[in-house]
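Below: one structure, written as structure tokens.
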Amino acid sequence: MTRRRWIASEFDRETATLTGAQADHLARVLRATAGMQAEIVAGDRLFRAVVAEVAPAAVRFRLEEELPAASPSAPPVTLLVAVFKFDRLEWAIEKATELGVAAIHPALARRTEKHLAQAAAARVQRWRRIAIEATQQSRGSFVPAIHDPQPLATLLAAPLETPAADTRILLSEHEAVNPSALTLADRIQSLAASSEAAVTLAIGPEGGWTSEETARFAETGWLAASLGPRILRAETAIIASLAITASLLATDGPHPPSTAQQSFHPRST
Ligand code: SAH
């Protein structure tokens with residue numbers, strides 16, 4: 001029977017602890033008892049563990065043995081996603097996590113609806129909980145970082161916390177109607193050779209990118225790409241982009257940056 005996998009809230013060399021809703025679910029719903037086997041993700045490492053103590057607000061595990069990383073490392077893929085209708089955005093965060101995204105930067109774009117832009121900061125904790133639960137459900141071995149929402153202009157002006165010098169690709173609906181546009185697959189295939197190919201993908205809001213935003217992306221080194229002639233909803237574009245990128249860059253989807261990789265500073269434009 002496959003051991004259930006949990007993301008530790010706190011951990012040290014010998015133990016790991018679940019707290020909050022996770023602990024409550026494990027204690028009350030799954031009726032965990034001492035001795036129960038599980039897998040624990042502690043930071044970017046995976047362990048076989050045993051329940052040591054069950055309390056309503058916290059379940060403590062003893063870490064028994066480190067398990068090999070789930071699969072060969074693959075270049076990390078980061079998403080810059082313009083905030084759109086929360087229920088659809090949250091569904092897309094769950095799907096992106098299942099597909100192995102390394103990090104998500106929520107962006108407040110010109111056509112992000114005003115009330116969503118104002119409410120986004122208060123929703124980030126919920127988005128992070130969705131990422132933890134989707135990581136557990138999909139037996140991922142790391143939780144994608146969900147950054148605080150920032151105005152798009154800020155994200156394009158400041159260093160994006162991406163794992164290394166990455167290739168930045170703007171998925172643009174304007175390219176969909178451009179018969180000579182390069183597709184995302186064209187762009188990724190030309191990268192696939194270099195093993196260090198880290199990729200950042202930008203997806204716009206329901207209203208799409210403005211021409212000023214598209215120009216600003218180009219000025220700051222982003223490469224425009226098409227997902228084909230149909231206009232996809234943002235959540236569809238997120239899933240398609242991650243699936244295409246993961247399938248072309250590695251066998252099993254993107255992995256987080258190794259801790260050794262430095263954070264990335266934008267090229268001077
Ligand atoms: N409302 C706009 C489309 C926005 S779709 C319109 O009708 O034109 C939301 C986002 O999904 C876009 O900003 C883009 O990032 C992505 N997207 C959708 N279809 C795409 C395509 N065919 N090629 C590239 N990106 C696409």
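All but one of (1) within 14 Å of the chain's Cα centre (by Cα); (2) outside any strand (DSSP E or B) hold for LEU79, so report the exception by its number.
So the condition that LEU79 fails would be (2).
From ASP87, ASP44, grab the single residue that is of a type outside the set (A, V, I, L, M), open to solvent by 30 Å² or more (accessible area, probe 1.4 Å) and not assigned by TED's automatic domain parsing to the domain that holds GLU113. Walk me through it before giving the result.
Values: ASP87 fails: not assigned by TED's automatic domain parsing to the domain that holds GLU113.
When all the criteria are applied, what remains is ASP44.
One line per residue, one yes/no per condition, for (1) closer than 17 Å to ARG168 by Cα; (2) under 15 Å from the mean Cα position of the chain (by Cα); (3) at pLDDT 90 or above:
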| site | (1), (2), (3) |
| --- | --- |
| ALA197 | yes, no, no |
| ALA224 | yes, no, yes |
| ARG233 | no, no, yes |
| ALA250 | no, no, no |
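What single numbered condition from (1) more than 6 Å from the ligand (Cβ to nearest atom); (2) within 13 Å of ALA176 (Cβ to Cβ); (3) in contact (Cβ under 8 Å) with a residue 12 or more places away in the chain fails to hold for ALA237?
(1)
For THR33, all conditions in the list (1) touching a helix residue (DSSP H, G or I) at 6+ places or on another chain (Cβ under 6 Å); (2) open to solvent by 30 Å² or more (accessible area, probe 1.4 Å); (3) in a loop (DSSP other than H, G, I, E, B) hold save one; what is the number of the exception?
THR33 satisfies every listed condition except (1).
Have a look at ALA246, ALA176, ALA165 and point out the one that is farther than 17 Å from ALA82 by Cα, open to solvent by 10 Å² or more (accessible area, probe 1.4 Å), within 12 Å of the ligand (Cβ to nearest atom) and modelled with pLDDT under 95.
Values: ALA246 fails: within 12 Å of the ligand (Cβ to nearest atom); ALA165 fails: within 12 Å of the ligand (Cβ to nearest atom).
The match here is ALA176.
Against the conditions (1) more than 6 Å from the ligand (Cβ to nearest atom); (2) out of contact with any strand residue (DSSP E or B) (no Cβ under 6 Å at 6 or more places or on another chain); (3) open to solvent by 10 Å² or more (accessible area, probe 1.4 Å), where does GLY228 fall short? Just the number, please.
Here GLY228 meets the rest and fails (1).
The values are calculated or read from the model by the stated rules, or taken from the named source; none is laboratory data. Not measured: the values here are computed from a predicted model. Here Cβ is always computed from backbone atoms with ideal geometry, including for glycine, and neighbour counts include all displayed protein chains. The area values use the complete protein model at the heavy-atom level, side chains included, leaving out ligands, DNA and RNA. Shrake-Rupley method; radii C 1.70, N 1.55, O 1.52, S 1.80 Å.
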